Amino acid sequence: MKIRLKEIPQDGRSYSFDRASAELNDALEDIVGEHDYAVELYIKPIGNAYEMTGSLKTVIPETCSHCGYEFELSIDRRINEVLFEEVAVDRKAQSVHGNHSVDFEKDGPSMTPVQGDVFDASEFVHEMVALSEPFYPMCGPNGQCLRSKEVEEIRRRLEAESEFAEEEKPSPFSVLKGLDLNKKN
Ligand SMILES: [Zn+2]
């Protein structure tokens, strides 16, 4: 879904994408699967750049990094970007950092470069979903695993079992004892 920024009127334009409107279905398939998504964008020219605000809501399939159960992670993010035409010098600087967008400050808008006055909404939304994936996904709310206790119990049991297995193994001494010719039966 490519948006020609020059065609956007001075008072801005709104865009809505979801599974029914289907513009981003193919682009997001590998990351949201069959889940629903809702993307709202409002783009408005500001001088040489464009202000883009909106929201992104979806659900992605995840595996809990603690208990290994699969769950659905809700993503609900606000969009606050400045789209600017990327010049060659900037591109070089960007690639050094390997970053697609540069955050000015935590609550301020992010800078998103565009080329040839075309904003690729598919790529942007895909990246935003990908960046919303935590490194260590947890199946419960607030970064907690819902099966923490269960996992701890299993871990304890496995540890106990492996200790028990250690004890069961004949030690070199008990083997020697069995060979002890002086041993009285
Ligand atoms: Zn879990």
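Among the residues of the range 14-71, which ones are within 29 Å of Y136 (Cβ to Cβ), in contact (Cβ under 8 Å) with a residue 24 or more places away in the chain, of a type in the set (A, V, I, L, M, F, W, C) and more than 16 Å from the ligand (Cβ to nearest atom)?
Passing the criteria: L24, A27, L28, I31, V32, V39, L56, V59.
Of everything in the range 119-166 that's of a type in the set (F, W, Y) and surrounded by 14 or more Cβ atoms within 10 Å (Cβ to Cβ), which residue is nearest to the ligand (Cβ to nearest atom)?
Of the residues in the range 119-166, the ones of a type in the set (F, W, Y) are 119, 124, 135-136, 164.
Applying the additional criterion that residues be surrounded by 14 or more Cβ atoms within 10 Å (Cβ to Cβ) yields 119, 124.
Details: F119: 38, F124: 31 Å.
The extreme case among them is F124.
Considering only the range 1-21, state which residues are under 28 Å from the mean Cα position of the chain (by Cα) and surrounded by fewer than 10 Cβ atoms within 10 Å (Cβ to Cβ).
Result: A20, single match.
Every number here is computed from the coordinates shown, using simple stated rules; none is lab data. Computed from a predicted structure; not experimentally measured. Cβ sites come from the backbone with ideal geometry, for glycine too, and all protein chains shown count toward neighbours.
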